[in-house]
């Protein structure tokens, strides 16, 4: 593939964005001990794409995802998803927004051990008492088939392999048809075979269901599944690459010239 670098700020765009951040900064501590995890980041993400966020340890990639996902409050700036500025919401409204509009896939799976795979997948609906809209049940069944979980639905997490548990976590994140699905190092606890399976399923969720996936990773093999790669360094965006080659991503991570 050819590599194209695009500006992370797209002024005047008429395209509906899956997520947009402006002037996003996050500082921990005060004075001489302050740590500037993010420094006035601007970023636009288009819908229906798989974006990998990469960078060295301490670059701010996990902080960026946590702020975009409403799991952490930025010090300055805005995060807009589904037309809503998350920084304007109080804690209760932010919790409800995350529940209704965002999906999460974490490295530790975060499945409830006493529930079956199916019960874990449907947990967001059970917790909120939400009724499934027309077509939702059919779509969830399709997700289950795409993820190859049909014969594991009655098994509890302890009876599943690591890759199967992560697929259940992905199905749960996709079940509610979230505007954006965030994945934080989703293959960090998996072997190479299970990692490839999970990444392929995230790829299929974008291609077949039109989901928007934002994945934090430090693995080049994982980033190869993405449409776009955002490279961070020192709390800022070094480059935003569209359909880059592996060599181009490596070059960006090293800070090399184009």
Per 10 Å bin, what percent of the C-alpha pairs of the range 121-196 does each bin hold, from zero upward? 17, 49, 29, 4
Specify the residue with the greatest mean-square fluctuation among 223, 194, 69, computed from a Gaussian network of the chain linking alpha-carbon atoms under 10 Å apart. 194
Using only alpha-carbon positions, what ratio does the radius of gyration of the range 62-182 give when scaled by 2.2 N^0.38 Å? 1.12
Order these by the 10 Å Cβ neighbour count, fewest first: 30, 191. 30, 191
Which of 239, 185, 133 moves the most in a Gaussian network model of the chain with Cα springs under 10 Å? 133
Rounded to the nearest 10, the angle in degrees between the Cα long axis of helix 192-209 and the longest principal axis of the Cα atoms of the chain comes to 90 degrees
For residue 234 and residue 107, what is the calculated FRET efficiency with R₀ set at 25 Å and r taken between the beta-carbons, to the nearest 0.05? 0.55
If you line up the long axis of helix 91-101 against the longest principal axis of the chain, both from Cα atoms, how many degrees apart are they, to the nearest 10? 70 degrees
Per the helix-only model, the chain has a calculated mean residue ellipticity at 222 nm (DSSP H runs of ≥4, -39500 (n - 2.57) each, divided over all residues, rounded to the nearest 500) of -9500 deg cm²/dmol
Simple label model, 7 Å out from Cα along Cβ direction - residue 35 to residue 131, nm: 4.8 nm
Less than 19 Å from a label point 7 Å out along the Cα-to-Cβ axis of residue 208: which backbone N atoms in the range 22-52 qualify, by residue? 48-51
How long is the gain from residue 91 to residue 189 if the chain were fully straight, where each residue apart is worth 0.36 nm and the alpha carbon distance is subtracted? 32.2 nm
In Å, descending, principal axis extents of the Cα set of the range 61-121: 40, 24, 18
Scattering profile of the chain from the Debye formula, Cα beads only, expressed as log10 I(q)/I(0) at q = 0.07 Å⁻¹, is -0.24
Would you work out the Kirkwood radius for the range 31-82? I mean one over the mean of 1/r across all pairs of different Cα atoms, in Å. 12.5 Å
Could you state the principal axis extents of the C-alpha atoms in the range 165-258, from the largest down, to the nearest angstrom? 41, 29, 23
GNM flexibility winner over the chain from 245, 25, 62 (Cα, springs under 10 Å): 245
With a Förster radius of 22 Å, plug the Cβ-Cβ distance of residue 139 and residue 115 into 1/(1 + (r/R0)^6) and report the FRET value to the nearest 0.05. 0.60
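We did not get these values from a lab; they are worked out from the coordinates using the rules stated. Just so we're clear, the structure is a prediction, and the values are computed from it rather than from any experiment. Neighbour counts are summed over all protein chains in view; Cβ atoms, including those assigned to glycine, are modelled from backbone coordinates with ideal geometry.
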